[in-house]
1. What is the number of the single condition among (1) modelled with pLDDT of 90 or more; (2) closer than 19 Å to Glu95 by Cα; (3) of a type in the set (D, E, K, R) that Asp27 does not meet?
2. Only residues in region 54-74 that are in contact (Cβ under 8 Å) with a residue 12 or more places away in the chain count as the first member; pair them with residues that are among the aromatic types (Phe, Trp, Tyr), Cβ under 6 angstrom, at least 6 apart or cross-chain, and list the lot.
3. Keeping to region 21-34, report how many residues are in a helix (DSSP H, G or I) and closer than 11 Å to Ile66 by Cα.
Amino acid sequence: MERASNLRNKIDFDTIDNIRSFAVNYDKEIDSLMLQLPIPIPAVSVDWDGDLWVRVNPDKGKIVGIEIEGFKRFFSPKYHSILRGRVVTDPIIKEIVIALLKSGPKPFTKKIFVTDLERIYQRIPA
């Protein structure tokens, strides 16, 4: 898997909302959560502030997947106030990822981010 942390400016951010249609797969053995298209597409992985990898088609910049390494060990505890013990297939996971990407590469402030996620959480059907 090719990884590139300097390709953020090549990401087509108009494709962020496509994440809602991605399939969710969790590999318990390696504690990795993947959000991806049903058919694999060549992609490079772009680091997103250490929280996740954005899988991007290098030719078009489209987001074709998301990988969250250490989902239960790192990601879930970091966002526990939003996840509240939900299973990995819950739509809130996709909404957290979308919110992280839409917030952009600005300084992280947990209070503002959690407040934004709480608003998202309230809009998701139970």
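1. Result: Asp27 fails condition (2) only.
2. Between residues of region 54-74 that are in contact (Cβ under 8 Å) with a residue 12 or more places away in the chain and residues that are among the aromatic types (Phe, Trp, Tyr), the close pairs are Val54/Trp48; Glu67/Trp53; Ile68/Phe75.
3. Selection size over region 21-34: 0.
The values are calculated or read from the model by the stated rules, or taken from the named source; none is laboratory data. The structure presented is a predicted model; accordingly, all values stated were derived computationally and were not measured. Glycine gets a Cβ as well: all are built from the backbone with ideal geometry, and neighbour counts include every protein chain shown.
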